C-alpha cells in the first residue's frame, strides 16, 4: 500500500509529526504552502486567521507536483484554526478530486478541535476515514510523548 502524507504547518507542530510519520512508514510527504502567509509573531495573526476561516478562504498554494492516483492511503495533517482545518488544507481539498482512498487524519491543536474531524468527513465523503489523532501542542507538551502517540496511532492505519 502506497501512502502519502499531506500536511500544512503554521508553527512547526504538524511538520514535526509529518516527518516522524515519514520516518516510520517510509512514505511520500507533501507540504502544502500558501503563496502568502501572515506574520507569525503578531497577535493580529488571530484576527487574520479567524477571517480566513469564517470567510472560507482558499489561499493560493505554491505549486506542487503530485499524482494522487498513485496512492492508496493519504494521511492529512493540519493545525486547528477556529474549530476546523487550516485554509491551506481547504484549498488542497477543493483543488483535488480525492476518491476511494484510505484516509488518516492528525491534527495539532490547543484542545479546540470542535468540528475539524467532521469537516474532513464532509470534504472526503467518497473515501474511507480509517483513523484520526488529536495532538495537543505536541512541541510544547513534549514531542517524544507525541511521537509515542503517533506510533500507536499508526498501527490503526
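Each value in this text was obtained by applying a stated rule to the coordinates, not by laboratory testing. Just so we're clear, the structure is a prediction, and the values are computed from it rather than from any experiment. As a convention, Cβ positions derive from the backbone with ideal geometry for all residues, glycine included, and neighbour counts pool all protein chains shown.
Fully extended, how many nm does the chain gain between residue 114 and residue 28 (0.36 nm per residue separation, minus their Cα-Cα distance)?
Details: separation 86, 0.36 × 86 = 30.96 nm, distance 2.89 nm.
Extra length available between residue 114 and residue 28 comes to 28.1 nm.
Kindly give Rg over Rh for the range 83-145, based on alpha-carbon atoms, with the Kirkwood expression for the hydrodynamic radius. Could you put the intermediate results ahead of the total?
Values: Rg = 12.7 Å, Rh = 12.7 Å.
When Rh is taken as the Kirkwood radius, the ratio is 1.00.
With a point put 7 Å past each Cα toward its Cβ, work out how far residue 156 is from residue 131 in nm, to one decimal.
0.7 nm
Output the direction-averaged projected area (hull surface divided by four) of the convex hull of the alpha-carbon atoms of the range 3-154, in nm². Write down the numbers at each step before the final one.
On the way: hull surface 33.5 nm².
Taking the Cα atoms of the range 3-154, their convex hull projects to 8.4 nm² on average.
Over the chain, what is the relative contact order in percent, taking alpha-carbon pairs closer than 8 angstrom and at least six residues apart? Don't skip to the end; give the middle numbers.
Working: 266 pairs, mean separation 37.2, N = 157.
Relative contact order of the chain: 24 percent.
At residue 82 and residue 121, where each label point lies 7 Å from the Cα along Cα→Cβ, what is the point-to-point distance in nanometres?
With each label point 7 Å from Cα toward Cβ, the separation is 2.3 nm.
Could the peptides 67-75, 130-138, 13-21 be put in order, highest first, of the mean number of other beta-carbon atoms found within 10 Å of their residues?
Numbers: 67-75: 15.6, 130-138: 17.9, 13-21: 22.1.
Answer by packing, highest mean first, reads 13-21, 130-138, 67-75.
For the range 76-96, list residues with backbone N below 17 Å from a point placed 7 Å from the Cα of residue 64 toward its Cβ?
76-81, 85-96
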